[in-house]
1. Students often check this: by mean Cβ neighbours within 10 Å, which of B:77-90, B:55-68, B:279-292, A:205-218 ranks highest, and how do the rest follow?
2. As a test of the formula, what do you get for chain A when each DSSP H run with n ≥ 4 contributes -39,500 (n - 2.57) and the sum is divided by the residue count, at 222 nm and rounded to the nearest 500 deg cm²/dmol?
3. Compute the signed sum of charges (Lys and Arg +1, Asp and Glu -1) over the other residues within less than 10 Å, Cβ to Cβ, of A:Phe214.
4. Going by amide H atoms built from the backbone, whose H comes under 5 Å of the H on A:Ser230, apart from near neighbours?
5. All other residues with a Cβ under 13 Å from the Cβ of B:Val140 taken together, and with Lys, Arg as +1 and Asp, Glu as -1, what is their net charge?
6. If you take each beta carbon of peptide B:231-239 and count the beta carbons of other chains within 10 angstrom, what is the mean?
7. Ranked highest first by average number of other Cβ atoms within 10 Å, how do B:307-313, B:221-227 line up?
8. Between the alpha-carbon centers of region B:51-95 and region A:76-103, tell me the distance in whole angstrom.
Amino acid sequence: MSVLQLRNISKSFGAIRALTDVNLTLEPGEVLGLMGDNGAGKSTLVKIMAGNFPPTTGDIMLEDGPVVFHQPVEARRKGIEIVYQDLALCNNLSAAANVFLGREIKRRFGPFNILDFRAMYEQAGQLFGELKSETRPHDLVRRMSGGQRQAVAISRTRLSNPKVVLLDEPTAAISVRQVAEVLDLIRRLRDQGICVVLISHRMPDVFSVCDRVFVLRRGRKVAEKPIADSSPEEVTGLITGAIHAA
Amino acid sequence: MPPDTAPANASVAISDVTGIKELTLTQRLFASQALWVTVAVLLIMGLMSLRYPDQYGTEENFYNITRNFSFIGIMALGMTAVIITGGIDLSVGSVMGVVGIVVGLIMHAGKTSDSFLYSWYCAVPAGLATGVLCGLFNGVLVTRVGLSPFVTTLGTLSIARSAAVLLSQNKMIYEFGYSGQQFFDIFGGQFIVANSVWLLIIMTIGFALVLNTTVWGRHLYAIGGNEHAAQLTGVPVVRVKMQAYIFCSLCAAVAAIMLLGWQGSAINALGTGYELRVIASTVIGGTNLLGGEGGAFGAFVGAALIEVIRNGLILAGVDSNYQGIFVGGFIILAVLLERVRGRKRE
């Protein structure tokens, strides 16, 4: 039984056709590498899965039937979490505050509902611990390294026991050592049975963590195959169009 | 994953956390602009009292200073909410004017009629409602229509002032009808210090608690830090920002009513130019004009600093027309300080 299925997804923005008849199936516990050149439609596809906007035509199927998302919150409720490329963090808040942003834990204090700081700090600390990250819940995000920021953004997705986590270019703007850290984070998510979609430009990242690779070119799927049956050369060819389809 | 690693990890994280928390608390205190402004206020008051013990260091002067800054302080609390979200509200002075006229006119009608409608019981809620309406107007234009807060509230500044002039027919209102005396006793009264000062203290504590312990407060900071991120993570950005503008105008309305209670007359020029002093107080107190940073106590001491200096200059015999230069100079100084602190952080 697949976790998420996209059927004949097309998306147009005015006269521009970003996606044409894309089919995609996610199996439980797999890491899928979503690749393609700039403008190939990767971001559009991810945003459709994350609920930023609905497709023009086509269906999104979850385990319990078809769904239509109009807002990210709706997708989140169905167990699809996304880590945006810019991470969507508030630099002026602590790591814990960022993890719980929009989903704060509250407790009663007389007639008032107030923030439950202790519960949030503890739970955030646990999440960082599970990801084996050195991130500390009280630290301001402003003072953090790229890898720590990724850990905060990824921890956020773990609050809801997600089925699918979408990572949009998580390794695009960080140092080599931090890239290794992020790839480890991805493996930990997979070990916990979460399905991960990794959007990336970087061939080595995809070939080190992904089980399958999915290639888009000009809004169309040109390949979807196990990583073991492919090679960086083939994928590069597929992305650029030197190889037509595989 | 081996089951015994998780709890060990968690306990390490928590002990880490307690150590860090104490550190940041002291750090935060010393990095806080509000603290240094408080020191400055106390220092100036102390020095002035020594220099002019008969004029400055008197109970009466203390009463005057606190009453004078209480109105600005109340408005600065509302302004703090808006500025934390990264916005600005230039209309507070005019909102004050129109609220003063609305309350004054309603009570003035009680001179010839003893209808309950013309008592302060109705006039004050009507004034507060006027404030809420102004805030709603600003909030809708900024959040729903997406206009820039600067231009929107600049427009409201002009509209509300005009409304005040039109409503008052350019007359001063000084007869407050049959409930006037009671109104003055309550809103313009005193208990050791003026009632408006007590109200400012209560509102400052209340707003500080709201900012630091509630989801709404947390969301204000989040919006100021990264509005787009807040939106994506499910913070109700439009609602929270709207509420910030409404709260700001409501504070201006409250200040207008307290000021009316003290002055005993309503003129349509009430609050002219106050937006500058209110924003100055907020910024001097350490609220970052770029959003995401600031606090209730800062608004309080920021307002206090301006008034202490103003009052000191008058007693020292400096021409009162120099005030504007000092207030303006302090705004620039505060923003410069912010810039320096911001650089240190990066």
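What follows is calculated from the coordinates using simple rules that are stated; it is not laboratory data. These numbers were taken from a predicted model, which means no experiment stands behind them. All Cβ positions, even for glycine, are placed from backbone atoms using ideal geometry, and neighbour counts span all protein chains on display.
1. B:77-90, B:279-292, A:205-218, B:55-68
2. -9000 deg cm²/dmol
3. With Lys, Arg at +1 and Asp, Glu at -1, the net is +3.
4. It is none; the list stays empty.
5. Values: positive: B:Arg144, B:Arg239, B:Lys241; negative: none.
Residues close to B:Val140 contribute a combined charge of +3.
6. The mean count of partner-chain Cβ atoms within 10 Å per residue comes to 5.
7. On the way: B:307-313: 19.9, B:221-227: 24.7.
Result, highest mean first: B:221-227, B:307-313.
8. 37
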